[in-house]
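Taking it in order: structure first as structure tokens, then the write-up.
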Number of protein chains: 2
Amino acid sequence: MNTLSYGLLSLLSKDSRTGYELMHHIQPFWPAKHSQIYPLLAQLEQKGYVEFVHVPQSDKPDKKVYSLTANGLKALQEWIGQPTDAPVTRDEFALKVYCIGLVDKDEAKKMLLERENYYLEKKVSYLESFERVKCLSEKPLEELGMQDPMFGNYVLIRKAVLKVEADLTWCKWMKSKLK
Amino acid sequence: MNTLSYGLLSLLSKDSRTGYELMHHIQPFWPAKHSQIYPLLAQLEQKGYVEFVHVPQSDKPDKKVYSLTANGLKALQEWIGQPTDAPVTRDEFALKVYCIGLVDKDEAKKMLLERENYYLEKKVSYLESFERVKCLSEKPLEELGMQDPMFGNYVLIRKAVLKVEADLTWCKWMKSKLK
DNA sequence: CGGCCCATGTAAATCGTTACATGATTTA
DNA sequence: TAAATCATGTAACGATTTACATGGGCCG
């Protein structure tokens, strides 16, 4: 059982989903391709942590809708209590910035602006997710408690927004350094 | 040539270093174990991008001090101009927070405090690095330009500090949610 | 004396990406 | 008509971690 497997169980604890949907929803916190997810779902099913129903579709390909079993829930709760790994980030841009003095100022500025636009787009998409969560939630977001089904979404989007704002602050600060 | 290889060249563009030192210095931006780095250095040497001198030591094991060659510098500069991959983060804590409602409030609070302490320690160590850079720099940091050798260190530590402050802001905000 | 730091390397296992494979429907 | 979306899966490759291997000096 690796971390991604538990991540899939985490998503399934809220909603039954297909492998395809799980792939999309897990991206922001644990990037993974479908080729990694499908075999793990098969393993999880063999362990009895998830089960699925075939859902034939006429217009689109048939799908398998997975849900968490009682055993899966137990495994998930035990995992939450275990020690948690430190987050890991790999940022090619940071490596380039470290030796940015090797290229000329115009190229450096161009790179920074590109990265800033990347973060701006991210921020927009996070704010859109935020709005979506706001609509789906019964209560106003500020009143959500730990037990509410949208609580996880709410706090993680808040985390993502704070992070991307820090990145944008850094980009703007860097731009002033390259003037 | 993978990203880590270029990362090693990036570090070597500032200083000659051993594989062991490279391993430690690249951690904040591209975590890697020595078992990954030593073979890559051998490859880089075969390609003529780096060269090394044996340095026998009496008290400690002998070492190989690597430096960047002219060809290595050229490869490095070309890489900087190429499109840059988006940063990738994998955060087990985020997955757990998503379904934090599955454990009781006290355990959730304990997890949050642990993570906050982790970030606090990180912040302290970043601020220490900051002081070290300040001492090593000839000019005051605010006056450093792109070409100065400490510029890369300076701006990346600033990036790390902004990030960890955003994380701490989130932790404090989360704590208020669990009251 | 046990464990950490220095310092380099290889081998095995796991994790993750890219490519191969299929195929209907929708959109530009 | 080319590309994207939905939907699942396998195979090959590359990246990363863990474990194996060695050995002196230093600290508590």
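The values are calculated or read from the model by the stated rules, or taken from the named source; none is laboratory data. Keep in mind that what you see is a predicted model, and the values were worked out from it rather than measured. No Cβ is skipped: glycine too gets one built from the backbone with ideal geometry, and neighbour counts run over all protein chains shown. We work out accessible area using only protein heavy atoms, side chains counted, and drop any ligands, DNA or RNA first. Shrake-Rupley method; radii C 1.70, N 1.55, O 1.52, S 1.80 Å.
Find out how many positive minus negative residues lie around A:VAL133, taking Lys and Arg as positive, Asp and Glu as negative, among other residues whose Cβ is under 14 Å from that of A:VAL133.
On the way: positive: A:LYS14, A:ARG132, A:LYS134, A:LYS139, A:ARG158, A:LYS159; negative: A:ASP15, A:GLU128, A:GLU131, A:GLU138, A:GLU142, A:GLU143, A:ASP148.
For residues surrounding A:VAL133, the net value is -1.
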Over the protein assembly as shown, the sum of -39500 (n - 2.57) across DSSP H runs of at least four, divided by residue number and rounded to 500 deg cm²/dmol, gives at 222 nm -20000 deg cm²/dmol
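May I ask you to rank A:TYR126, A:TYR119, B:TYR98 by accessible area, largest first, using a 1.4 Å probe over the protein chains only? Write down the numbers at each step before the final one.
Working: A:TYR126 50, A:TYR119 10, B:TYR98 30 Å².
These residues rank, largest area first, as A:TYR126, B:TYR98, A:TYR119.
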Roughly how many nanometres apart are two label points built 7 Å out from the Cα toward the Cβ at A:ASP106 and B:ASP104?
6.7 nm
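For peptide B:153-163, compute the average count of partner chain beta-carbon atoms within 10 Å of each residue's beta-carbon.
Numbers: counts 1, 1, 9, 6, 0, 5, 11, 2, 2, 8, 7.
Counting Cβ atoms of other protein chains within 10 Å of each residue's Cβ and averaging gives 5.
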For A:GLY145, inter-copy label-point distances (7 Å, Cα→Cβ), nm, shortest first, read 6.0
Ascending list, in nanometres, of distances separating the A:LYS33 label from those of the other copies (7 Å, Cα toward Cβ):
2.3
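Could you work out, residue by residue across B:169-179, how many beta carbons of other chains sit within 10 Å of that residue's beta carbon, and then give the average as an integer?
Values: counts 6, 8, 1, 0, 4, 3, 0, 0, 8, 3, 0.
Counting Cβ atoms of other protein chains within 10 Å of each residue's Cβ and averaging gives 3.
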How big is D for the range B:3-81, in µm² s⁻¹ as a whole number, if Stokes-Einstein is applied with the Kirkwood radius of its Cα pairs at 10 °C and 1.306 mPa s?
125 µm²/s
Relative to chain A, whose Cα atoms define the longest principal axis, helix A:151-177 and its Cα axis are tilted in degrees, nearest 10, by 10 degrees
Points 7 angstrom from Cα along the Cβ direction at A:GLU165 and B:TYR38: gap in nanometres?
4.7 nm
Taking the full set of protein chains and a 1.4 angstrom probe, give the accessible area of A:THR169 in square angstrom, rounded to the nearest 10.
70 Å²
So, in nm, how far is label B:GLU128 from label B:GLU142 when the simple model puts each one 7 Å beyond its Cα toward the Cβ?
2.7 nm
Degrees separating the helix A:105-136 axis from the principal Cα axis of chain A, which is the longest one
30 degrees
Cα centroids of the range B:61-94 and the range A:26-80: how far apart, whole angstrom?
36 Å
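At a Förster radius of 30 Å, what calculated FRET efficiency corresponds to the Cβ-Cβ distance of A:SER176 and B:TRP173, to the nearest 0.05? Kindly include the intermediate steps, with their values, before the conclusion.
Numbers: r = 28 Å, r/R0 = 0.94.
According to the calculation, E is roughly 0.60.
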Which length gain, in nm to one decimal place, applies between B:SER16 and B:LEU73 when the Cα-Cα distance is subtracted from 0.36 nm times their residue separation?
19.2 nm
0 to 90° range, to nearest 10: angle between helix A:34-46 axis and chain A longest Cα axis
30 degrees
